[in-house]
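The values are calculated or read from the model by the stated rules, or taken from the named source; none is laboratory data. As the structure is a computational prediction, the values presented were derived from the model and not from experiment. Because the Cβ atoms are built from the backbone with ideal geometry, glycine has one as well, and the counts that use them run over all protein chains shown.
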Amino acid sequence: MKNSIKKLILLVSTVIMVLGCSALAFAADETTDTTGEATMAASEAAATSSKAYAAAIVVGAAAAAGALGMSLAISKSVEGIARQPEAEGKIRTTMMLGLVFIETAIIYALIVAILLVFVL
């Protein structure tokens, strides 16, 4: 189980790095073309496209990490409740608080992605 999680994290981080570097590799240079406004429009479209890819990667990575964290938290809390049914209230309260914090981090990642696309 631990090896498969490590392999999954390695795969996801590799894909993120490759996609992040590919936007830089295909970036257009505005100084080489002298066609005027058409080049500027194409450059802006490429920049917007790169921002959209980056935003998708940010939200996807945050959601994947959050889902993994939530699943581990829920499984461990169910194990704890099964071992000590009398502590169900405290375990459930702590689990819900932890899930709220994880979900808040994912929402922050979504806000950063939206700002990345529309503001920068």
Expected output for region 93-108 (first residue within 14 Å of G80 (Cβ to Cβ), partner in a helix (DSSP H, G or I), Cβ below 8 Å, 6+ apart or cross-chain) is T94/S77; M95/A73; M95/I74; M95/S77; G98/A73
How many residues of region 73-100 are surrounded by 12 or more Cβ atoms within 10 Å (Cβ to Cβ) and within 26 Å of A56 (Cβ to Cβ)? The answer is 2
Determine, yes or no, whether V117 is surrounded by 12 or more Cβ atoms within 10 Å (Cβ to Cβ), touching a residue at least 24 places away in the same chain (Cβ under 8 Å) and either touching a strand residue (DSSP E or B) at 6+ places or on another chain (Cβ under 9 Å) or over 20 Å from L11 (Cα atoms) (or both). yes
Quick check: anything in region 40-56 free of Cβ contacts under 8 Å to residues at least 60 places away in the same chain, within 26 Å of K2 (Cβ to Cβ) and not hydroxyl-bearing (S, T, Y)? no
Determine which member of the set A28, A64 is modelled with pLDDT of 75 or more and either within 13 Å of the chain's Cα centre (by Cα) or assigned to a loop (DSSP other than H, G, I, E, B) (or both). A64
Surrounded by fewer than 14 Cβ atoms within 10 Å (Cβ to Cβ) and either under 26 Å from I107 (Cα atoms) or modelled with pLDDT under 95 (or both): is that true of S49 in this structure? yes
